[in-house]
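Below is one structure; the comments refer to it alone.
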Amino acid sequence: MSQQQDAVATADTNKSSPWNNRDFLRLLFGRFVTNAGDSLYTIAGTWLVYDLTGSSFYTGLAGALLLLPPALQFVSGPLVDRWPLIRTLVWTQLIQAVLILSIPVAAYFNRLTVELVLLTIPLLSFLNQFVYPAQNAALPRIVDKSQLTRANSAFSFANQGTNMVFDALGGVLIALIGAVSLFVLDSITFVVAVLSFTGVTVPERSDATDETAAIDVSGYLSDLRDGVQWLRGTVFTEMMLTTAVTNFGTGVMLAVLPGFAAARGGSILYGALLGAIGAGGLTGALVASRLTHIRYGSIRIVGLGIGFVMWIVAVYSPWPALTVVLFALTGVPMGVTNVMGQTLIQTVTPDDLLGRVTSVDASVATLTVPFGSLLGGIAGSTFGVVPTMAVAAFSFAFVSLYFSLRPRLRRLPAVDNIKEEKFVRRETAPSPANSSE
């Protein structure tokens, strides 16, 4: 074997294992750092709004503004598919690093207002809606297809883990250095992410041309329509809508969680419950790669069915410690299905559509979270936090039952045995000849 062949073989071996892949590791580290930045400005921004106004109305408004941009991720998809991926990642991080400094600068000159914070926070959140589709589009091009589930588990771990750690750390840092100073520290995280992303090399798509490699926003609506058209009628449409249902229930739960915790144990229990939910999702992301031999449809049915039961028991448990444990277990099936669902989309979707398809999927799935939070707050104040928390659990039961009743969802294969026609075949009305099937 020639030296050139040896080099190619070595490169293939490295690519087959994500942990030997330098580009994957740099992309993963960048994901970790930028997620840390997201958590810090979310905690600092929400606290600063309350500190400036003393009003729960404004903190609720801040929360809604933070939750809405992920639902607009479909806007970024066509652009991500046209723009150079690494350049997109670098520039979004640089802009965020500069934008976030507007708050400490305004505070230094005694010009800090709640309006500035309420404007800055959603802009930061919106910029990140370009980051995640770009990373998702890059991942299948730098990692071997057989390792996508492991790679997505690592990305989900970075997401869930940093949220869990830095949500708690943000509160501690606010007490130590103040919310305004935390924005300065947050700006540094985005600079570190820039340095990490700069070293990533993403191979060109096989169908790439000079026209698509250039930054070009022409044909934007046509590109967006292509992504929607590809999804329409496929099994991904139903998967996406059922995820929107569970996210609606999550939004309702998050809206009444502070009141629920206050009635059961106070602020300590609230922190413990938030940590438990994050830990459950993190655990699910970690074990997903060990469940790739099990039918995806079965995982959704059984996992969410068990999750529903544990959620109900947690709500009515007289022991706060048991409530925390059960809420952690409730998050496990969501962590598993999130990783597997992302792997399925990345495996089946054509490379040139991946950015817009994943962004449309994320937008539809997350659009229901702010609406769930809004309605959850109204229901909690009208009917009580405990009944509202219990009703939210039925989002899990609905999805489990829906997958059970829909044959093409119930029979979805294992991630290790993905058959493209099972996912992209358009559903049509049955003809009289085969209506019995």
Problem - Residue that is nearest to PHE396 (Cα to Cα), among those in the stretch 311-325 that are open to solvent by less than 20 Å² (accessible area, probe 1.4 Å) and assigned to a helix (DSSP H, G or I) - result: TRP311
Problem - Verdict on THR368 being under 17 Å from the mean Cα position of the chain (by Cα) and at pLDDT 80 or above - result: yes
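Identify, from the list LEU118, LEU148, LEU124, the residue that is of a type in the set (A, V, I, L, M), touching a Phe, Trp or Tyr at 6+ places or on another chain (Cβ under 7 Å) and assigned to a helix (DSSP H, G or I). Full working, then the answer.
Details: LEU118 fails: touching a Phe, Trp or Tyr at 6+ places or on another chain (Cβ under 7 Å); LEU148 fails: touching a Phe, Trp or Tyr at 6+ places or on another chain (Cβ under 7 Å).
The unique qualifying residue is LEU124.
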Exercise for the section: Confirm whether MET389 is over 22 Å from the mean Cα position of the chain (by Cα), at pLDDT 70 or above and open to solvent by less than 20 Å² (accessible area, probe 1.4 Å). Expected result: yes
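Do you know which residues across the stretch 396-411 are open to solvent by less than 10 Å² (accessible area, probe 1.4 Å), modelled with pLDDT of 85 or more and touching a Phe, Trp or Tyr at 6+ places or on another chain (Cβ under 8 Å)?
Pass one, the stretch 396-411, residues open to solvent by less than 10 Å² (accessible area, probe 1.4 Å): 396, 399, 403, 409.
Next, only the ones that are modelled with pLDDT of 85 or more stay: 396, 399, 403.
Matches in the stretch 396-411: PHE396 only.
The values are calculated or read from the model by the stated rules, or taken from the named source; none is laboratory data. Keep in mind that this is a model prediction, so the values were computed, not measured. Cβ: placed from backbone, ideal geometry, glycine included. Neighbour counts: every protein chain shown. Quick note on the areas: whole protein, heavy atoms, side chains included, nothing else; ligands and nucleic acids left out. Shrake-Rupley method; radii C 1.70, N 1.55, O 1.52, S 1.80 Å.
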